[in-house]
Structure formats: structure tokens, C-alpha cells
1. Excluding ligands and nucleic acids, what accessible area in Å² is computed for A:Asp243 using a 1.4 Å probe, to the nearest 10?
2. Quick one: what Rg and Dmax do you get for the stretch B:25-84 from the alpha carbons, in Å?
3. Would you kindly find the accessible area of B:Trp59, with a 1.4 Å probe and non-protein molecules such as ligands, DNA and RNA excluded, rounding to the nearest 10 Å²?
4. Work the Kirkwood hydrodynamic radius out for the stretch B:117-173: mean of 1/r over every pair of different alpha-carbon atoms, inverted, in Å.
5. Among A:Thr273, B:Thr72, B:Thr48, what's the order by accessible area (1.4 angstrom probe), most exposed first?
6. I need to check one value: relative contact order of chain A, counting alpha carbon pairs closer than 8 Å and at least 6 residues apart, in percent.
7. Build a GNM of chain A with springs between Cα atoms under 10 Å: which of A:Pro95, A:Pro150, A:Pro317 gets the top mean-square fluctuation?
8. If packing is taken as the average number of other Cβ atoms within 10 Å across a peptide's residues, how do A:99-105, A:276-282 rank, most packed first?
Amino acid sequence: MATEAKAHELIVSVSPHVRGKETVGRIMWTVNLSLLPAFIMSVYYFGPLAAYVTGLCILSAVLTEHIYQVSLNKKTTIGDGSAFLTGLLLGLNLPASVPFYIPIVGSFIAIVITKLLFGGLGYNIFNPALIGRAFLLISFPRLMTIWLKPTAQFVSLDAKTTATPLGILKEGGLDQLMQVFGDKADLYMSLLVGNRAGSLGETSVIALLIGAALLLYRGYITWHIPFSFLATVGVMAWALGGDSGFFTGDPLIHLLSGGLILGAFFMATDYVTCPSIRKGQIVFGIGCGLITMLIRLKGGFPEGVMFAILLMNCFAPLIDRGVKSKMFGAIKEQKK
Amino acid sequence: MDFFKLLELVVAASLINNFVFTRFLGLCIFFGVTKKMETAVGMSITFTAVMVVSAAISWVVYEQIMIPLDLTFLKIIIFIGIVAAFVQSADTIMKKVSPSMYYKLGVYLALITTNCIIIAVPLINAGEHYSFFESMAFGLGSGLGFALALLIMASIREKLEVADVPAPFKGLPISFIIAGLIALAFTGFSGLITL
């Protein structure tokens with residue numbers, strides 16, 4: 001019998017038999033690459049400080065992951081780029097003026113508490129970079145809300161601080177926002193190219209959209225979450241954001257400001273922490289949009305994207321349960 | 001009776017001031033029954049029902065008996081007594097009237113008697129001098145908020161069954177970390193409605 005099998009060269013193996021070229025590392029490094037335009041714009045507007053803060057975040061995130069895994073005799077996974085991505089996203093979510101210990105504390109919370117304690121990449125419940133930022137915002141509320149005025153000179157001698165567009169909108173309303181930026185066309189232009197105060201990577205909408213287009217083209221993210229997220233924010237802003245009654249709000253201001261584009265395309269779409277069923281992803285996006293606008297319009301914080309994504313992260317496993325389709329031909333379980 | 005105020009109370013008690021994630025009450029049941037979705041669902045239903053009824057009974061006793069007799073200093077003892085008596089009688093009645101329901105939900109009734117939210121709600125109602133319907137709305141909101149917390153936690157813990165959690169953190173420790181992280185996310189709701 002044995003010789004017969006050898007003659008036919010029968011190889012028995014378990015599935016999968018056909019493998020694609022995609023690996024975790026390839027996807028993660030592509031996402032890192034797609035954030036490069038936003039990073040360049042942040043350096044352009046905020047100077048070397050932006051590179052310093054982002055670099056420190058990346059370095060401490062990668063080092064933390066490496067030290068943890070080496071000291072626990074595990075295989076180090078820094079090569080797959082996920083720790084790099086967490087550090088990069090955290091850096092792009094910080095203001096430019098933070099002292100050196102903020103990136104380090106944030107990276108530790110993001111990598112160890114949010115990811116590695118749950119068993120590493122693929123098991124975390126929350127987006128690590130966002131938990132890192134939420135932790136920093138709660139723990140150092142003053143340091144995390146000092147926003148530098150963008151200068152577009154590479155080395156500026158006198159750094160001025162100012163409020164973010166959403167901060168101005170919350171405190172002084174639309175009129176004051178108009179006073180700062182001139183007319184509406186100027187405001188939209190500043191928001192699009194990123195000439196405004198805010199977290200490092202969230203300001204330049206155009207740069208973020210270039211990166212998002214790359215991800216959509218490669219099929220690494222689908223339209224479901226970003227589109228439902230943005231559409232919900234737009235509709236809510238239009239319906240409830242106006243000063244003079246319903247359906248008078250300006251959706252573009254809300255769509256272009258804050259961390260919405262960065263959040264919708266790069267953080268809400270995290271494979272691990274969003275629902276894995278398409279129908280569920282739409283529910284997830286709508287939920288993110290609703291909570292974002294609820295916090296922006298009524299809440300205590302000027303910006304709600306971060307909390308919205310984190311809150312929907314909590315609900316992701318529940319959403320997946322809810323929209324799970326029935327197995328074909330399955331009979332409903334008999335009640336006792 | 002202002003309908004909007006009642007709705008606000010329900011939302012505030014369930015989301016913004018969620019008992020588990022902002023006041024850290026009721027943690028023993030929270031960690032106890034969330035290992036499986038089935039027990040979490042059973043507890044959610046039972047808890048919300050008991051919460052509403054006991055808030056109503058406590059209000060009647062407090063406003064109609066204790067305040068006229070000037071007995072408000074006894075409120076903790078009396079509220080515990082009311083809840084315990086109500087839960088025990090519900091237990092007995094359910095066993096006789098509907099054994100199938102008792103079989104499903106009866107286990108959770110005994111646990112509820114010793115829960116801290118169930119005593120916190122009548123005390124807060126008494127402290128804030130809510131009206132009868134406001135008290136019930138507050139009870140309903142607290143119950144729904146607790147149910148929400150249980151469902152979220154159970155779904156997350158079931159997902160973590162297969163995760164490679166480091167040995168010292170398996171089970172309860174990682175659950176505490178999850179609860180902390182969810183609480184961090186819930187701080188986003190702060191300042192939404194100020195009552």
C-alpha cells in the first residue's frame with residue numbers, strides 16, 4: 001500500500017489550500033504608508049515638533065512591545081508593523097506641544113494595557129491608539145488641549161496657541177468662527193488643507209483622503225464604516241447643528257473639522273475592533289456618527305470622534321451577535 | 001408630569017450616570033453573571049423588573065409613611081427591608097404561579113437582594129425628592145443601564161474565551177481591566193445632560 005501511495009504522490013493536507021499574498025505585515029505597512037501624507041502635512045504646519053512627538057510615540061510603542069514580548073519569552077511581533085501603526089496613530093492624535101512623557105505614557109497604555117494583556121494583535125477589544133489618547137485626555141486635560149497655531153514656517157520662533165475650530169464653535173458659536181477665518185470659502189479651504197489648530201494628523205483633510213483612497217483602492221478597508229459614519233454626521237449636523245431651528249446647520253464644517261476623517265477612515269475601520277459582518281459595520285458607522293454629533297452638540301467635550309469610536313468598540317461584539325445570519329436550513333432551538 | 005423630564009431621567013441614569021461605569025456600583029453581580037450571555041440576559045430582565053417595582057414601593061413608603069412620621073433617619077434599614085421582602089415574596093409567588101418562569105429567572109432573584117444598586121436607587125430618589133413617576137423612571141433607567149452593562153460585558157467576555165490572555169490576568173483580572181476601559185469610553189458622555 002505504501003509504495004502505491006508514493007507512486008501517485010498523494011499529499012494530504014488540511015485547508016486552506018490556496019493562499020493569497022496578503023499578510024498582516026503587508027496590510028499594516030500599507031496603512032502606515034497611507035498615513036505618510038498626513039504626517040508630512042503635520043510637519044509642514046507644525047514644524048519639527050510634529051516629527052519629534054510622532055517619532056517618540058512610534059519609538060516608545062515599538063520598544064514597549066518588544067520589551068514585553070522578549071521578557072515573557074514570546075516571539076516578538078514588532079516586524080508586522082502593528083505597534084508602529086499604533087504609535088503613529090497615537091502621535092497623529094496628539095497636539096504638537098506635549099512634553100516628552102505624554103507620548104511614552106500613552107504608548108504604554110495603548111500597547112500593554114489595551115493590546116498585549118488581551119493576548120496581542122487580533123484580540124484587543126478597543127482601538128489601542130484611541131485608548132491611549134482617551135487615557136491621556138482624562139489624566140492630563142490641560143496639557144492635551146494646548147493647541148499650537150499652524151505657521152507653515154519650518155522653524156517658528158514664537159509659537160502661538162489658539163483654539164481648534166470645534167472649540168471655537170462650542171464656546172462662541174458660528175459667528176466667532178467666521179470672525180477668525182474670514183468668510184466661508186476661506187474656512188473650508190483652511191479646513192481642507194489643514195491650516196488650523198488641532199491634533200497633528202487630523203488637520204489636513206486632503207492628505208488624509210489621499211491615504212484613504214489608497215486603502216480603498218487596495219481593498220484594505222471597505223466603504224461601509226466610513227461612509228455610514230460620515231453620512232450620519234452630515235445629516236445630524238444639517239438637521240440639528242443650526243442656530244435657527246432644524247435643518248439649517250452646516251454639515252461641511254462638522255465633516256471637515258475635528259478628527260472625523262482620520263477617525264472614520266483609519267481608526268473606526270480597524271479590523272480587530274469593528275464588527276466583521278457588513279450589515280453590522282453599517283450599524284457601527286451610524287452609531288459612531290450619532291454619538292459623535294451628540295457629544296459635539298450637547299456634550300462636555302468639543303470633539304466626540306474618539307469617544308464615539310471607543311463606545312462603539314464596546315458594542316462591536318454585541319452588534320456582531322445581533323446581525324449574525326441564520327445558518328442555512330437551521331431549525332430554531334426548541335424552548336424548554 | 002413632564003414627559004421630557006422623565007425621558008431625560010431614563011437616559012441620564014442608563015448612559016450618562018451608568019451605575020456600573022461611572023459610580024462603580026453593583027460590581028459583584030456585574031462580574032458574577034457575565035461569563036455567559038444566557039445568564040446575563042436572564043439577570044438583565046429580572047433586575048430591570050425588580051428595580052422599577054422596588055423604586056415605586058420605596059417611594060410610596062418613604063413619602064406616605066416615613067416623612068409624615070418623621071422616620072427618615074431609618075431609610076437605609078427600611079429600604080433594605082422593603083427590597084428583601086418584595087424580592088422574597090416575588091420569588092414565592094412566581095414559584096406557585098409560573099414555575100417555568102421561576103425555573104428561568106428565579107436564581108437571579110436571590111442575588112438581587114444583596115445588590116448595591118437596588119439600595120442606591122431608593123436612597124437617591126429620596127435624596128432628590130423625585131415624584132412617583134420620576135422615581136420609577138429613574139429606576140427604569142438604572143435597570144436598563146445595568147442591563148446594557150451586563151450585555152456589553154458578556155459579549156466581550158465570550159469573545160475573549162479564545163484569547164491568549166497572560167495566565168495571571170485570566171478570568172477576573174482581565175475583566176476588571178475591560179470594565180476600566182469601558183468606563184474610560186463612557187466618560188465621553190459626561191456633561192451631556194445636567195439634571
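The values are calculated or read from the model by the stated rules, or taken from the named source; none is laboratory data. Quantities reported herein were computed from a predicted structural model and do not represent experimental measurements. For neighbour counting, all protein chains shown are included, and Cβ atoms are generated from backbone atoms with ideal geometry for every residue, glycine included. SASA here: full protein model, heavy atoms, side chains in, ligands and nucleic acids out. Shrake-Rupley method; radii C 1.70, N 1.55, O 1.52, S 1.80 Å.
1. Here the accessible area works out near 130 Å².
2. Just the Cα atoms of the stretch B:25-84 yield Rg and Dmax of 15.1, 46 Å.
3. For B:Trp59, the solvent-accessible surface is approximately 50 Å².
4. Radius from the Kirkwood sum: 13.8 Å.
5. Working: A:Thr273 0, B:Thr72 45, B:Thr48 20 Å².
Order by accessible area, largest first: B:Thr72, B:Thr48, A:Thr273.
6. Values: 520 pairs, mean separation 55.0, N = 336.
The value is 16 percent.
7. Most flexible of the set in this elastic network: A:Pro317.
8. On the way: A:99-105: 16.1, A:276-282: 18.0.
Most protected by this proxy first, the peptides run A:276-282, A:99-105.
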